[in-house]
Amino acid sequence: MSSSTPLVSLCQQATFIKSASLVSQCPPDLGLEVAFAGRSNAGKSSALNTLTHARLARTSKTPGRTQLINFFRLDDERRLVDLPGYGYAKVPLELKAHWQQHLDAYLTGRQSLVGLVLVMDLRHPLSDFDCMMLEWARKSDIPAHVLLSKADKMAFGAAKNALLKVQTRMRKELRSNASVQLFSSPKRMGIDEAHARLAQWLFPTEPDELEAGES
């Protein structure tokens, strides 16, 4: 990440904008935003809090507490988005169906969405939901980055082996070109790598800058 990119400073100053239960309630579809998704127990909210150095996302010992799409402001042009968690949420089927419909509408219709961070528990990666999200990203041509969270729960060698297995399966079985890394909120592992990916999406290099660099 370039030293001229103020992403880390912006993350430290990130503030809550609003929650939406319907796409029509989302902030204006302008600028750039990166969405965070993951199973309800994957550590998504903890990862978002760690990357922003703030307690933006609500964490709970009860999975599935994120029931709305939550928007966080970095600056006037850039946002982070916390999507509803799925998996172990003990809620009525009707509510789950509403979440699914709302999530689909957001993912397929949001023009300002420039990247998807998919958080997976390193010990239980590539669930049906994870695979579905990677497939959607591939078909929609939206870049994706996978945080294999809770890497501190495994020995380093075992974690690296698990990372390689996930990468191999993603490439061969899912035909996904998403990037992947190890991540741990408690140990603050992988923060620089994750910030670099966010900066790549939220501060894209302008065409004139590329031409200047090539001259």
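Summary table
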{"item": "Linear extension gain, residue 205 paired with residue 93, 0.36 nm per residue minus alpha-carbon span", "result": "36.0 nm"}
{"item": "Cα-based convex hull, region 86-192, per residue volume (Å³, whole number)", "result": "115 Å³"}
{"item": "Test item: Cα-centred dipole of region 116-215, Lys/Arg +1 and Asp/Glu -1 on Cβ, debye", "result": "860 debye"}
{"item": "Residue 155/residue 195 FRET efficiency (R0 30 Å; Cβ-Cβ; nearest 0.05)", "result": "0.75"}
{"item": "Rg/Rg_ref, region 128-176, where Rg_ref = 2.2 N^0.38 Å and atoms are Cα", "result": "1.25"}
{"item": "Candidate lysines - alpha carbon under 23 Å from residue 96, same-chain residues fewer than 8 apart omitted", "result": "18, 44, 61"}
{"item": "Exposure of residue 187 as accessible area (Å², to 10), given a probe of 1.4 Å and all protein chains", "result": "140 Å²"}
{"item": "Computed label-point distance, nm, for sites residue 179 and residue 24 using a 7 Å Cα→Cβ extension", "result": "3.8 nm"}
{"item": "Shape category assigned to region 92-132 from the gyration tensor of Cα positions, a/c cut at 1.5", "result": "oblate"}
{"item": "Extension gain (nm, one decimal) between residue 188 and residue 101, 0.36 nm per residue minus Cα-Cα", "result": "27.9 nm"}
{"item": "Net charge contributed by nearby residues that have their C-beta within less than 9 Å of residue 177 (K/R +1, D/E -1)", "result": "+3"}
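The values are calculated or read from the model by the stated rules, or taken from the named source; none is laboratory data. Everything numeric in this text was worked out from a predicted model, so none of it was measured. Methodologically, a virtual Cβ is constructed for each residue, glycine included, from the backbone with ideal geometry; neighbour enumeration extends over all protein chains shown. Note: areas computed on protein heavy atoms with side chains; ligands, DNA, RNA excluded. Shrake-Rupley method; radii C 1.70, N 1.55, O 1.52, S 1.80 Å.
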